[in-house]
Structures are given as structure tokens and as C-alpha cells.
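Enquirer: I am attaching a structure below and will ask some questions about it afterwards.
The values are calculated or read from the model by the stated rules, or taken from the named source; none is laboratory data. Computed from a prediction, not measured in an experiment: that's the story for all the values here. So basically every Cβ, Gly included, is an ideal-geometry build from the backbone, and we count neighbours across all protein chains shown.
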Amino acid sequence: MSLFTLLRLAFRVIARNKARAMLTVLGIVIGVAAVIAMVALGTGAQQNIAKQIASLGSNLIILIPGTTNVAGVRGGGGSSTTVDVDDIEALRREVKSISLIAPANRQQVQIVAGDANWGTTVQGTTPAFYTVRDWGVENGAPHSDLDEASMNKVCVLGKTVATELFGTDDPVDKWVRIKKVPFRVIGVLVAKGQSPMGTDQDDTVLIPFSVYRQRMAGTQRDQIQAAYAAAIDANSAQAAVDDMTAVLRQRHHLRESAEDDFSIRNLADIAAASREVSESMTLLLGSIAGVSLLVGGIGIMNTMLVSVTERTREIGIRMAVGAKARDILVQFLVEAVVLSAIGGAIGVAFGWWVARLLSDTTGWVTVFDPGIAALAFAVSGAVGVFFGFWPARRAARLDPIDALRYE
């Protein structure tokens, strides 16, 4: 028989018991839909993480003063101030694998503009910060080397702060008070959204580092809370980390056996770790979804065995009029594949709908991958072949005489 005839017979048999057929393919539908939805969520999460990490800056390297160790109790990164302004100057001067480095000291303050006020983070940093963090200004301008040298009291607002203090009005050339000191707004930063740690990057105010040291640092004017450096290119990131580590260890007079009193993080390492976690979660969820495919396959096998039993006399008649065992095997195998393919097609559509629903109702980023959908559909067909082979083989091996006598 031709493939078209086999398919027509398969659809005719399935149409006789529509309810049983739909219940049979339900496991396939759930399995394929779960795979599509989970992969869409996982891919969306990976892209979102990549976007958030990219928002931190290009070829970014983060330097944080080291940990304390008092009576065996270790504090986290930044729990001691082991890096100072001279260290930053030494890194800028001696480490050739970085193009720029910018200190970034910060503290929580209440900023006031007219009758409005907002609690935010004020960061004192140098003009290099904008390049290192790849953070542009959508309105106005960033503070300059002249502002830094002249200690001009100017500030650049993050998008969140600008909205909270001025609403839809343009804040440029308006005044705000930070710790009772008036600052002129000279720019508004481009919105960056959440960081990989879940914090709002736009809830910040940038002021010249020299002004921060004079007005806000108190007695720790020379201490650095964090610094951001940019490697000269992506391939030099690890070399930059090694070079920075060597310079700081030498300046801090650390013995070879002593631990670093600072930490340096390469953005590529952070990105790789985030991708690994996301991929592991996607694999885990996909594996769980694969169990549904297994259950669906067993359901198809059970249904096909019942079908063989119900159609034993029909099989005997076909063999009596000349059908070979191979013809019977192919016929039942095609029926199993059609069943699973119907489940796979419905599952792909349902999985796409679930992914869209999750995206619309929860705000999660989902990415529908046609390649994964095609693979899931192909796997559903393979499930039909695998689990339909035994019932088909059992039908093909029936004795024609016994089959004709079957009641």
C-alpha cells in the first residue's frame, strides 16, 4: 500500500474512537507543551540575564576592597577598606591591559527637589565611569574632567530619580539638594533597568568624585568602596584581572601565602556562571517534561495493543486476501505515529500558547524557538515509532487462521 493509503486508513481508524484517541495522545500533548513552554522560559531567562549583564558595561572588571578576618570570623567583600585612591592611580598607570578605571564610592541619602524628595544612592565617580559602564546620557551631558578638577557641584540623575523628583518635566539645569548641599542637574542617564542582582540601576545619582570626597566621604576621603575597570578587549579580561591582582598584592605587601585583601570579578565569569545556572534549570525542567512524553508513549502502546486485539479478525481477513506481515506491521506502525504526531502538533500549539500566557500574565521573558518546536514534534513522532513497534509487530505475527476464527 502507498503511504497516502496508509495515512488515510490510520485517520479512519482514529476517527472511529475520537474520545479514546484524544485521551491516548493527552500525555504526548502535555509532554510536548511542557517542553516548549519550559524551553521558552529558559531561553527567555538566558537572554534577560545576558541583557542585564551587558547593561553593566563592556569588558567590565569590578574591584571590591577585601574581606576582614577578625578572630576567625570573616566578613564579606567590602567589609574592610583596603583599597585607596593611590591604588587606583597605580592601577591606571601600571596595568596596560585595562583602558580605563573609575572609582565609585556611594552612600544612601535623601535627595530633595522643591517639595519632592527621594531616598536614593549617590555615587561619587570620575568621567571614565560613563565609558567603563557603557552608560550614556539621554538628556543633558555627563560631568567632565573640568567638573572633576574644579569640584563643581553638578549631578547626573538616574531615570528613576528624575521621574520621582520631577515627573515628566525636564530636570536639566534645575537644582537639587544632597545633604543640604545644592547641586545643579546637568544630565539624565539612559535607563538600564535591573541589574543581575535584581537592583534598580536607574535609582542612582552621579556626582564628581572630588566633590564626593570633599562633601560626603568624611574621614575616609582616600578610601575606595569599589572601582570599575574596562579591559582593552574581551580577550584581555582575564589578563587584566591577573595584572591588577599582582599590582595590588605588591602595593599591599602581601606574602605569597597570604590571601588577597580585595576581590576582582571578571564580567565574563559572572556571565558564564549565570548562563550555567539558567541552562541547568532549563535542562532540569525539560527532563521533568520528558517524563510526560514517556507516559504518553506508554499510553499509545496500551491503546495500540487494545486496537490489535479488537481488530484481530480484520487482520486475519487482510492476510487472507494477500497482505504480508510487513504490510500489517507498517499499517499499525503508521497508526501509532499518526497518533503521536497529532499529540505533538497539539502540544506545540498549546506550549506556544502557555508561553505567551506566562509572558502576558507574569511579565517573564519567553522566547519561542521554532527549532525546538520542530525537535519536540520530531521526538513525539519517534515516541510513536518506539512505543508502537511492539503492538505492530504483535499484529504482524498473528496466525491468519487463528485470526479469522477470533471472536
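Enquirer: Take the residues of the stretch 148-175 that are closer than 12 Å to ILE207 by Cα, not polar (S, T, N, Q) and not in a helix (DSSP H, G or I): which is nearest to the chain's Cα centre (by Cα)? If you could, list the steps in order and put the result at the bottom.
Expert: First, pick out the residues of the stretch 148-175 that are closer than 12 Å to ILE207 by Cα: 148, 151-158.
Filter once more, keeping what is not polar (S, T, N, Q): 148, 151, 153-158.
After this cut, where a residue has to be not in a helix (DSSP H, G or I) as well, the list is 151, 153-158.
Working: MET151: 41, LYS153: 39, VAL154: 37, CYS155: 33, VAL156: 30, LEU157: 28, GLY158: 25 Å.
Among those residues, the one meeting the criterion is GLY158.
Enquirer: Another one. Looking at (1) at pLDDT 90 or above; (2) closer than 23 Å to ILE88 by Cβ, which one does PHE183 not meet, given that it meets all the others?
Expert: Result: PHE183 passes all but (2).
Enquirer: Looking at the stretch 348-376 only, could you name the residues that are at pLDDT below 85 and of a type in the set (Phe, Trp, Tyr)?
Expert: TRP364, PHE368 - these are the residues of the stretch 348-376 that are at pLDDT below 85 and of a type in the set (Phe, Trp, Tyr).
Enquirer: Here's another thing I want to ask about it. Listed residues GLN250, GLN220; which is part of a loop (DSSP other than H, G, I, E, B) and over 10 Å from ILE61 (Cβ atoms)? Write out each step before concluding.
Expert: Details: GLN250 fails: part of a loop (DSSP other than H, G, I, E, B).
Just one listed residue meets the conditions, GLN220.
Enquirer: A further question on this structure: Confirm whether ALA345 is at pLDDT 80 or above, of a type in the set (A, V, I, L, M) and surrounded by 15 or more Cβ atoms within 10 Å (Cβ to Cβ). Step through it out loud before you land on a result.
Expert: On the way: at pLDDT 80 or above: yes; of a type in the set (A, V, I, L, M): yes; surrounded by 15 or more Cβ atoms within 10 Å (Cβ to Cβ): yes.
It is true that ALA345 is at pLDDT 80 or above, of a type in the set (A, V, I, L, M) and surrounded by 15 or more Cβ atoms within 10 Å (Cβ to Cβ).
Enquirer: Just to verify a result, which residue in the stretch 348-367, among those that are of a type outside the set (D, E, K, R), under 18 Å from the mean Cα position of the chain (by Cα) and over 17 Å from ILE30 (Cα atoms), is surrounded by the fewest Cβ atoms within 10 Å (Cβ to Cβ)?
Expert: From the stretch 348-367, those of a type outside the set (D, E, K, R) are 348-355, 357-359, 361-367; that's our starting set.
Filter once more, keeping what is under 18 Å from the mean Cα position of the chain (by Cα): 355, 358-359, 362-367.
Retained after the next criterion (residues that are over 17 Å from ILE30 (Cα atoms)): 359, 362-367.
Values: SER359: 17, THR362: 10, GLY363: 7, TRP364: 14, VAL365: 17, THR366: 24, VAL367: 17.
By that ranking, first place goes to GLY363.
Enquirer: Kindly list the number of the only condition in (1) β-branched (Val, Ile, Thr); (2) touching a Phe, Trp or Tyr at 6+ places or on another chain (Cβ under 9 Å); (3) surrounded by fewer than 19 Cβ atoms within 10 Å (Cβ to Cβ) that fails for THR131.
Expert: The number of the failed condition is (2).
Enquirer: Kindly indicate which of PRO142, PRO103, PRO182 is surrounded by fewer than 22 Cβ atoms within 10 Å (Cβ to Cβ), in the same structural domain as ARG215 (by TED's automatic domain parsing), assigned to a strand (DSSP E or B) and not polar (S, T, N, Q).
Expert: On the way: PRO142 fails: assigned to a strand (DSSP E or B); PRO103 fails: surrounded by fewer than 22 Cβ atoms within 10 Å (Cβ to Cβ).
Matching residue, one of PRO142, PRO103, PRO182: PRO182.
Enquirer: Does ALA234 satisfy the criteria of being out of contact with any strand residue (DSSP E or B) (no Cβ under 9 Å at 6 or more places or on another chain) and over 30 Å from GLY119 (Cβ atoms)?
Expert: Details: out of contact with any strand residue (DSSP E or B) (no Cβ under 9 Å at 6 or more places or on another chain): yes; over 30 Å from GLY119 (Cβ atoms): yes.
Answer is yes for this residue.
Enquirer: Scan the stretch 313-364 for residues that are charged (D, E, K, R) and either in contact (Cβ under 8 Å) with a residue 60 or more places away in the chain or touching a His at 6+ places or on another chain (Cβ under 7 Å) (or both) and jot them down. Steps first, answer last, please.
Expert: Looking only at the stretch 313-364, we keep the residues that are charged (D, E, K, R), and these are 313-314, 318, 324, 326-327, 335, 356, 360.
If the condition is that a residue be charged (D, E, K, R) and either in contact (Cβ under 8 Å) with a residue 60 or more places away in the chain or touching a His at 6+ places or on another chain (Cβ under 7 Å) (or both), then ARG313, ARG326, ASP327, GLU335 are the ones that fit.
Enquirer: What residue, among those in the stretch 14-68 that are in a helix (DSSP H, G or I) and touching a Lys or Arg at 6+ places or on another chain (Cβ under 8 Å), is modelled with the highest pLDDT?
Expert: As a first pass, look at the stretch 14-68 and keep what is in a helix (DSSP H, G or I): 14-16, 18-56.
Right, trim to touching a Lys or Arg at 6+ places or on another chain (Cβ under 8 Å) and you get 46, 49-50, 55-56.
Working: GLN46: 71, ILE49: 68, ALA50: 66, SER55: 57, LEU56: 59.
Ranking the qualifying residues of the stretch 14-68, first place goes to GLN46.
Enquirer: Answer yes or no: is there a residue in the stretch 231-245 that is over 31 Å from the mean Cα position of the chain (by Cα) and surrounded by 22 or more Cβ atoms within 10 Å (Cβ to Cβ).
Expert: No, the conditions are met nowhere in the stretch 231-245.
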